[in-house]
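The values are calculated or read from the model by the stated rules, or taken from the named source; none is laboratory data. Just so it is clear, the structure is predicted and the values come from calculations on it, not from any experiment. Every residue, glycine as well, gets a Cβ built from its backbone with ideal geometry; the counts of neighbours run over all protein chains shown.
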Amino acid sequence: MVIVWILQTGEPLHSDKGSPRPMRAMNLANALIERGHHVVIWSSAFFHQEKIHRSFEFQSIEFSNQLTINLIPSMGYTRNIGIRRLIDHAQLAINLGRLLSSGKYDPPDSAFVGFPPIEIAAVMIRWLRNKNVPAIIDAKDQWPDIFLEPVPKILHPLAKLALCPYSFLTKRAMNDALEFCAMTSEFVTWMGDVSGRPLTAADLPAPLAAPKEKFRDDELFEVRKWWALHGVDTENRRRISFVGSLSPAFNFEIVRRVAQKYLDEDIDCQFVICGEGSESGKIRQLMAGLSNVVMPGWIDAPRISVLTSSSIAMMAPYINNDAFMRSIPNKIMDSFASNLPVITTLKGVVEELLMSNNIGLSTDSELEFSNYALQLLDNQDFFDEIVDHIGTIHDARYSYEKVYGGLAERVIRLASISKVERLTFPSNLEP
């Protein structure tokens, strides 16, 4: 049995109430547990998605005989962008450092460390390296580079100077890790550029795949009644849906325009926007007066399952920035897992993937969005052909079993690296 630590903040956990939607930490932990190993998840006591505290002090939860969840306290925050969040992340790192330096914890056999937040990842990976524990660092966002995007170019030199501590910790964290991991090969290349070390054959991407979940019939019956109360007829598939955090990462203006167009032309299509976040109020105001738009708030996994099964497409109106254009974000992978085409504004890697495989549309044109959705709504053969393509691509590249089975084996393999080899990392070890 291998003991694996997973550090991942900002995600749902097994111990959260309701039916938490699995993301990186839960999916990898489940894959490792299925293989008979023991997992310790280190995460924040502050629940990023719901902006609530799971605990106000350190808490260790023995979720099962194979899974322990350690919650690190911090102050929390109400907005995704702001000084309070930066302070929160600094507190997480300080509190983690204190816990690790207490001498209460035996080192694991290997580790998988999410990045960002920068500070907590740097603290964890430095401690692991000092204990000769091989670790994979997994990048989800291009911090601190992404902090420069809202800054006028003329001020970039000053901004880069202010970001020097973050840049230093980022480079150190990546060089302390044995292997790189990210959503796409483009992201892995960015990690190599930032770290300044040559990439090896072991520095591999792992997409953000999602498992296909199953729910009891009685549970789904209650969920369908819940949707009916919110004006969603789940027997009718004429809808396009969004599920996720309502954050500044998205611009729903194109959705508003298409919804207004369909309303004016009496086209039967419903737009369902699920989630909460810092932009919730703005988006609700944007959609005010549109009777074909439903915003039910945050929904759990069973409600997501019923919604996607009664939709003809998912929408992902991302803001185009360098990080998103290098990646295949959760919303895109969720569409594939649900066997649905996606309509997005995102360019780069996603646009190439969708257009070259005929599995969705990337556009910032209201007319193209509208016409493509109409084809999905009214042309069953067109819809079926795209769904077939999605199934083929998903099973070959993005299935949960393929992605997380492979990632679990990578983490397990790390544990077999000898102490002599660990002392020389980063190395050119082959996977």
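Checking LYS282, LYS347, LYS331, LYS261 one by one, the residue that is basic (Lys, Arg) and crowded, with 22+ Cβ neighbours inside 10 Å is LYS331 and no other. Of the residues examined, MET287 is not one that is surrounded by 22 or more Cβ atoms within 10 Å (Cβ to Cβ) and either farther than 18 Å from VAL243 by Cβ or not small (Gly, Ala, Ser) (or both).
Does the range 49-57 contain any residue that is surrounded by 19 or more Cβ atoms within 10 Å (Cβ to Cβ), at pLDDT 95 or above and farther than 26 Å from ALA206 by Cα? Scanning the range 49-57, I find at least one residue that is surrounded by 19 or more Cβ atoms within 10 Å (Cβ to Cβ), at pLDDT 95 or above and farther than 26 Å from ALA206 by Cα, so the answer is yes. Restricting attention to the range 73-84, the residues being in contact (Cβ under 8 Å) with a residue 40 or more places away in the chain and either buried (at least 16 other Cβ atoms within 10 Å of the Cβ) or of a type in the set (A, V, I, L, M) (or both) number 2. Pairs meeting the criteria (first residue in the range 173-199 and more than 21 Å from SER110 (Cβ to Cβ), second residue modelled with pLDDT under 95 and assigned to a helix (DSSP H, G or I), beta carbons under 6 Å, at least 6 apart or on different chains) are THR184/VAL349; GLU186/ARG326; GLU186/VAL349; PHE187/ARG326. Under the condition of being among the charged types (D, E, K, R), within 13 Å of MET315 (Cβ to Cβ) and surrounded by fewer than 19 Cβ atoms within 10 Å (Cβ to Cβ), the residues counted in the range 235-255 number 1. Going through (1) out of contact with any Phe, Trp or Tyr (no Cβ under 7 Å at 6 or more places or on another chain); (2) touching a residue at least 40 places away in the same chain (Cβ under 8 Å); (3) not hydrophobic (A, V, I, L, M, F, W, C) one by one, GLY97 falls short only on (2).
Looking across the range 84-103 at every residue that is polar (S, T, N, Q) and assigned to a helix (DSSP H, G or I), the one that is farthest from PRO116 (Cα to Cα) is identified as SER101.
When the criteria are applied in full, ALA90 fails the requirement of being under 21 Å from the mean Cα position of the chain (by Cα) and either β-branched (Val, Ile, Thr) or at negative phi (or both).
Residues that are in contact with a helix residue (DSSP H, G or I) (Cβ under 7 Å, 6 or more places away or on another chain) and either at pLDDT below 90 or closer than 20 Å to ASP268 by Cβ (or both) within the range 308-320 comprise ILE312, ALA313, MET314, MET315, listed in sequence order.
Given the options GLU430, GLU421, GLU409, name the one that is surrounded by fewer than 16 Cβ atoms within 10 Å (Cβ to Cβ), among the charged types (D, E, K, R) and modelled with pLDDT of 80 or more.
Details: GLU430 fails: modelled with pLDDT of 80 or more; GLU421 fails: modelled with pLDDT of 80 or more.
None of the other options fit; the residue is GLU409.
Do we have any residue at all in the range 126-140 that's in a helix (DSSP H, G or I) and without any contact (Cβ under 8 Å) to a residue 12 or more places away in the chain? Yes; the residues of the range 126-140 include at least one that is in a helix (DSSP H, G or I) and without any contact (Cβ under 8 Å) to a residue 12 or more places away in the chain.
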